[in-house]
Amino acid sequence: MPLIRIDDQEIEAPQGETILRVALKHGIAIPYYCYHPALSIVGQCRMCLVEVKGAPKPLTACSTTIGTLPPGKKIEGKYDMVVSTKSETARKAQRGVLEFLLLNHPLDCPICDQAGECQLQEYSYTFGDPASRLEFEKVHAPKRVDIGPHVVFDVERCIKCTRCIRFCQEISKTGELTLSERGVYTRVDIFPGRELDNPYSVCTVDICPVGALTSREFRFKERVWFLKSVNSVCQECSRGCSVRVDAYKGEVLRLVPRDNPQVNGPWMCDYGRLVTERMKGLDLAGRPLLRSGAVWQGYEWKEFGAALVEKMAGFPALKSDSWAVVLSGRLSLEEMAGAQAVSQAFFERSAGSVPDVAWGEDDELLIRKERRPNLMGARLMGIPVGEQNAPLSGLLTGKKAALILREDPVGDAQGAEKAAVETALASMDLVIVADSAFTDTARLAHVFIPLAGWHEMEGVTVNFLGVAQKTARAVVPPRDRRPFYEVASLWLTAAGHEAPEPTFPGWHAKVKESVPGLAGTSIKDLLPNGLQVLDAPAKDKVKKGEGA
Amino acid sequence: MSEQGVAELIKNPGFLAKVDRLVKSYPRPQTALIPILHLCQAELRHVPVEFQAFIAERLGLTPAHVRGVVTFYEMFSEEPHGRYLLQVCKTLPCMLTGSEALLEHLQNKLGIKPGGTTQDGRFSLITVECLACCDGGPSLMVNEALHKRVSTGDADRILSELE
Amino acid sequence: MTEVLKLLTRNVGKPNSTHVDAYMGSGGYESLMTVLHKWTPEQTLNEVKAANLKGRGGAGFPAGLKWSFLPKGKEVLKYLVCNADESEPGTFKDRLLIENDPHSILEGIIIAGWATQAAGCFFYIRGEMPAGARIFQKAVDQAYAKGFLGKNILGSGFNFDVWVSRGAGAYICGEETALMDSLEGKRGQPRLKPPFPAGYGVYGVPTNINNVESYANVPLIIRNGAGWYTAIGSPSAPGTRLFGISGHVKRPGVFELPSGVTLRELIYEHAGGILGDRPLKAVIPGGSSVPVLRADQIDVTMDPDGLKSVGTMVGSAGVIVMNDSVCMVKALLNLMEFYAHESCGQCTPCREGTHWLELIVRRLEEGGGRPSDCDLILDVAGNIMGRTICPLGDAAAMPAISFVQQFREEFEAHAREGRCPMRDVRMTAAI
């Protein structure tokens, strides 16, 4: 392997690897804009110019590859390449490029959404020249172009790095964007009458190194330095993209993909990201409710366990097979464990089943038609998964009682199926619904248990590839909504059963007993990119489970 | 007018046959894009976005790609120019030999600035970069006809001979 | 006075010079027949290598050596490109050959095809030369009819095609990889190198590209031998060159001369001296991209060594002459407008820097210049130089730097006086 030196670090670097990748891997900062690890290399921004010994001029670190010199020709007798990223030559080149980039940039940072996470700002701070020589009228361009349903384009701020164009060509393969015109009037452009409208369009905002592309949903919401961020997992399909959840004052303002090679790379879909919009206007019940007749009565959690046990005692005729238990692929593993324990204790059966809700099609990039994030988790927990899109009315009809967790069979159904579910539920003696919103199904319940949303709690989900990842609490639930595992502890204890601590670690320990792939692991092992838990025996088990 | 023009053009069998011939005449169809855009520019005196969308589909390219190409090359325009496109070379050798006076004369004569078109739609005046006939400066190209050493008197004569 | 040679220009001015029969009447295509019937591809390539034919597009890279970079053997698909995108200001020699003797270029191309065992050649001609494109296409058609192109050429078993393709108005497409992108129906944006065209050219196929004049030399080399060829001109650049002279000379035009001719002779003898009988002020000796010379620097030979001695280059051998009626700031402004207009816009230093240079030089010329502007021009140009993807950045920076260095006093006078000191001088016109 070639031996190179970058600044004062000696590095053994793979033949053919670029200087920039090697430098980044070894913590050596080289400024860049057009380079992106998941996109083709174009060398257009010229920001990453470095000094390479023996080269007549500075070279772009992004496109210069490492080779091997013959034994007699090694630099200083041993190096195949010697690179300076901070020498006077390199710095002069970098400063020159930066000055060019700022020449026609509007410098409207005070009103720019990218401020605080802008690479132009960052490098100007690090490398820029405090005295400006840019005393000419700038080339002006439109400031607000709605180039797509979710993306707004400020043409003046664009530095023509072409990441967005390459994203649309190489990743989404939709090709909406191009460079148009030329010279200083060169701009990123869209075909007249068309839109930047593909399932991944907001990724262009993520990769835009400046404030040229902004998210219509997020722009002007909040200065990024006020955001509170946690690492979490998107729950909108069985891919389970690794995300960062940015929140402010109890509201989730945006989801940003975290680069996770084994799950989603650096991307995520717009649908998953825009869960922020779907969260708005949900009817969030604040506390546990019991209904008698048409009257709902609210409870404090500390009284609720006893009240629930008492309520159930009112139906002594309900036997194990009177119950329909509908679990959900939206439950975390810990919640599933809680549901299993509750089923065991109160209905004398191991658990209910999980519906496999699917719509749309799998695409070639990330999107999965299976819309529940933790179906694989259910399989690993030994919970049966129903046939895809099987009507839930079949499960409910003829039963006298139901426990429905994180599913809304009424709200999600239409036509005859909806009527059938409504009829089935209406004829039951006892319907217990637990969900993060007060759904249409909840309206037909006798007991409603308000659950924390995925963004308000810790929990582990396993994606379709068998990667277990952990969600985190991005916001404190605005009202006292709780994960189902906490509810399970409460419920079990109130009835005199043994139960783990009402905490995530308490129930996660329980999960580890059921999922072999998690045995001997700690929660830390799940961070930041998750853990493959589908070892060979587990895979067999899952297969058998599916057959059954 | 242009929308009608392009709608007719992309249905014209003779034109489409030319397009197909170009597509087949190169090792790969994509090479025919620029020649086809030339055809359209010659027919319509511009390459409207409707045509860009049409040819993109025909060649299996994205419309954005075609637009990027059309706006890159000086000989393609998205707005129609006049029947006669007067192209005055403005680059150094022609400037040294008198292109500024030639341009000024044409501006005054036609009452338009570079980039403009006379009201009757006959003449458009533009400046162009080096036409590779520096020994013939100042040079003037009228549509595809190149005129060398064009004095203001020559320019008058050239224009008067046009319909 | 050095005698004007009639080698490359042997057919210029003859009746019907563009017709294949006229060309064949004076020995045309005999070189092709020689190599197809008597020489192996390797012998052919070696002869051109031995002739040390230097590329005539501007960079002066040895053509035979370039051919040898292509992968060998006819099993490997390879293309040639003939760069007929002549658009370097001051350069108009290729137009002369294309419009007057297309078959000499074509014969050179086919011989190069044989030497490299390529499948065909793209002839990429400037969009602004529609007549040249028609003439060359006709020559290609005639060559097909005579069996010099197509399948099994002259019974040799060699297949070779030529495709004529027009540009559409972009100087940058004269850059070899921008040209290839243009051939692929794209914006003409130069590619990052490596990979080089010999490994990854048109459609990603190994490709060799040469200038029109380079190919036109090939039949002469084959017919007369490398020894004959290297005896002409200077050893560092054998053969004749087509020198184009324009601007303030009495007889502008293309002159075919051995490369060792001096710049003074070229201007004062062949081109008839300075227009308006005024003193010479400045000369750009090799197309607008090379450093400018002052009047006292013209006693040099027009070859790489001679011009290097005064800090400039042969480039495309397009000589632009300026007499003392020319304001150098205005002349540079014209060039800066050109490069800013022709920058493809993909890479930062060229896109922004050429525009900035134009603004600074315009400010000077229009009277708003500052004393520090000379240094600003040098610094901005210095920040472009060597920092771009393709040579256009250097091509814009070199004139900027050299104009300021060679005529600094005139630039400073603009700033000092707050106006163009030559604004009342009427520039000599040719008409």
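Every number here is computed from the coordinates shown, using simple stated rules; none is lab data. In this text, all values refer to a predicted model and were calculated from it rather than measured experimentally. Here the Cβ positions follow ideal geometry from the backbone for every residue, glycine too, while neighbour counts run over all protein chains shown.
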antiparallel share of DSSP beta bridges within region C:20-231, to nearest 5, in %, is 10
Tell me what chain C gives for mean residue ellipticity at 222 nm when only DSSP H runs of n ≥ 4 count, each as -39,500 (n - 2.57), the sum divided by the residue total, rounded to 500 deg cm²/dmol.
-12000 deg cm²/dmol
Let me know the charge dipole size of the protein assembly as shown about its Cα centre in debye, to the nearest 20, where only the beta-carbon of Lys, Arg (+1) and Asp, Glu (-1) is charged.
1100
One finds the C-alpha centres of region C:323-391 and region C:125-182 to be spaced, in Å, by 35
May I ask you to evaluate 6.51 cos²θ - 1.76 cosθ + 1.60, the Karplus curve with θ = phi - 60°, for each residue of region A:397-407 and list the ³J(HN,Hα) values in order in whole Hz, giving x for glycine and proline?
4, x, 8, 9, 8, 9, 10, 10, 10, 6, 10
For a quick protection proxy, order the peptides C:367-375, B:33-41, A:488-496 by their average other-Cβ count within 10 Å, most packed first.
B:33-41, A:488-496, C:367-375
Please sort C:418-430, B:127-139, A:38-50 by packing, taking for each peptide the average over its residues of neighbouring beta carbons within 10 angstrom, highest first.
B:127-139, A:38-50, C:418-430
I'd like the mean, over residues of C:164-174, of how many other protein chain beta carbons sit within 10 Å of each residue's own Cβ.
5
Taking H as built 1.01 Å from N, whose amide H comes closer than 5 Å to the amide H of C:R126, not counting residues under 5 places away?
C:D85, C:E86, C:G167
The Cα radius of gyration of region C:1-78, divided by 2.2 N^0.38 Å with N its residue count, comes to 1.38
GNM result for chain B, Cα springs below 10 Å: residue of B:R122, B:R45, B:R28 fluctuating most strongly
B:R28
Placing +1 at every Lys and Arg Cβ and -1 at every Asp and Glu Cβ, with all other atoms neutral, what dipole size does region A:303-446 have around its Cα centre, in debye to the nearest 20?
360
Report the GluC sites (Glu not before Pro) located in region A:466-515 that are in a DSSP loop and have at most 10 other Cβ atoms inside 10 Å of their Cβ, or state none.
A:E498
Principal axis dimensions, region B:3-72 - Cα atoms, whole angstrom, descending
33, 26, 18
Give me the distance between the Cα centres of region A:29-58 and region A:169-248, rounded to whole Å.
23
Computed ³J(HN,Hα) along region A:248-256: with the Karplus parameters 6.51/-1.76/1.60, θ = phi - 60°, integer Hz and x for glycine or proline, the list is 8, 6, x, 10, 6, 9, 6, 10, 10
Convex hull volume per residue in cubic angstrom - Cα atoms of chain A:
179
Mind checking C:244-252 for the average number of partner chain beta-carbons within 10 Å of each residue's beta-carbon?
5
Please average, across the residues of A:172-181, the number of beta carbons from any other chain that are within 10 Å of each residue's own beta carbon, and give a whole number.
5
What residue among C:H270, C:H37, C:H19 has the largest mean-square fluctuation in a Gaussian network model of chain C, using Cα springs under 10 Å?
C:H37
For the residues A:D362, C:D299, what sequence is obtained by ranking on other C-beta atoms within 10 Å, fewest first?
C:D299, A:D362
Segments A:448-458, B:6-16, C:232-242 sorted - mean Cβ within 10 Å per residue, highest first:
A:448-458, C:232-242, B:6-16
Show that you can apply the helix-only estimate: for chain A, add -39,500 (n - 2.57) for every DSSP H stretch of four or more residues, divide by all residues, and state [θ] at 222 nm to the nearest 500.
-6500 deg cm²/dmol
Residue-wise HN-Hα coupling along region B:72-81, computed from phi with Karplus coefficients 6.51, -1.76, 1.60 (Hz; x: Gly, Pro)
7, 8, 4, 7, 9, 10, 8, 10, x, 9
For C:V81, list long-range residues whose amide hydrogen, built 1.01 Å from N in the peptide plane, is under 5 Å from its own amide hydrogen.
C:F122, C:N208, C:I209, C:N210
Nearest 10 degrees, 0 to 90: what angle lies between the long axis of helix A:333-342 and the longest principal axis of chain A (Cα atoms)?
0
The protein assembly as shown, Rg to Rh (Cα coordinates; Rh as Kirkwood inverse mean 1/r)
1.08
Rounded to whole Å, give me the distance from the Cα center of region B:41-82 to that of region C:259-278.
46
If each residue's Cβ is checked for other Cβ atoms within 10 Å, how do B:Y26, C:Y215 rank with the fewest at the top?
B:Y26, C:Y215
Tensor-based shape of region C:20-231 (alpha-carbon gyration tensor, a/c under 1.5 rounded, otherwise prolate or oblate)
rounded
C-alpha long axis of helix A:484-494 to longest principal axis of chain A, angle in °
30
Which Cys residues of chain A have no other Cys Cβ less than 4.7 Å away and so no disulfide-compatible partner by this rule?
A:C48, A:C62, A:C109, A:C112, A:C118, A:C158, A:C164, A:C168, A:C203, A:C208, A:C237, A:C269
Per-selection metrics, region C:139-244 (Cα): Rg and Dmax in Å
17.0, 43
Taking Lys and Arg as +1 and Asp and Glu as -1, residues besides B:R67 with C-beta under 9 Å from its C-beta add up to -2
Between their Cα atoms, which of B:K18/C:K78; A:K57/C:K193; B:K90/C:K308; C:K93/C:K146 are more than 20 Å away from each other?
B:K18/C:K78; B:K90/C:K308; C:K93/C:K146
Residue exposure sequence - C:M33, C:M302, A:M381 - by fewest surrounding Cβ within 10 Å
C:M33, A:M381, C:M302
Extreme residue, positive dipole direction of region A:167-222, given options A:S215, A:G175, A:P192 (C-beta unit charges):
A:P192
Folded to 0 to 90 degrees: helix C:328-342 orientation relative to chain C principal axis, Cα
50
Using the Cα atoms of region B:84-162 to build a convex hull, what is its mean projected area in square nanometres?
4.4
